[in-house]
Amino acid sequence: CELYRASGRWQEAIDIAQTHDRLHLRATHFAFGKHLESLGDAVGAIEQFEKAGRAHREVPRLLSSATNDFAFLESYIENNGSDHRLAIWKGKYLESQGELEKALGVYLERGSLLDATRVYVSIGDLDGAADCVCDAEQLAKEDALNPGNPVNPKGTPHNPSNPHNPEHQTLTSAQAFA
């Protein structure tokens, strides 16, 4: 696998990793994504970063540095709505740009109570911050009392009809940018 990667024979490297070396499969997709990025193939790189499980970090970096167009990045995030980490990245970006109300909306929609609490404190709404803390405590208590409770690790209730649920179908990067 590594020999094929080093010689630039990416498809063979991926094939070997899929069949004989699953331990290096994600690393191979990531390395291939970096290679495609260096060639200027953003769509191909995005597909490989998705397969590597690194889209939540690499895609925002790639799109913000390559295109410097937040609208393109925002459409990617919207088309991949089930990725909680991408949505939180968007909230943090909005927060860094001073758009605190929009960031707060993202955090509340995604159930990121720590981030929402931070924004509430930043805008001086201590009652809102206190409500978030109480909600977080309540979720923790419910989770402790009901270990089989269908709540994901991010604290968002399991709801298959929710478009932000990981089980909800998402578009691939090729479909999103076609």
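A short reminder: the numbers here are calculations on the coordinates, not readings from a lab. Quick caveat: nothing in here was measured; it's all calculated off a predicted structure. Glycine also receives a Cβ, built like all others from the backbone with ideal geometry; neighbour counts cover every protein chain displayed.
Summary table
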quantity: Zone of residue 74's modelled label, taken as backbone nitrogen in the range 94-126 under 19 Å from a point 7 Å along Cα→Cβ; calculated: 94-110
quantity: Non-local Lys pairs in the range 1-113, i.e. 8 or more apart or on different chains, that have alpha carbons under 21 Å apart; calculated: 4
quantity: Percent RCO, i.e. relative contact order, over the range 77-124, from Cα pairs under 8 Å lying at least 6 residues apart; calculated: 29 percent
quantity: Reachable lysines from residue 141, criterion Cα separation under 19 angstrom, eight or more residues apart if same chain; calculated: 154
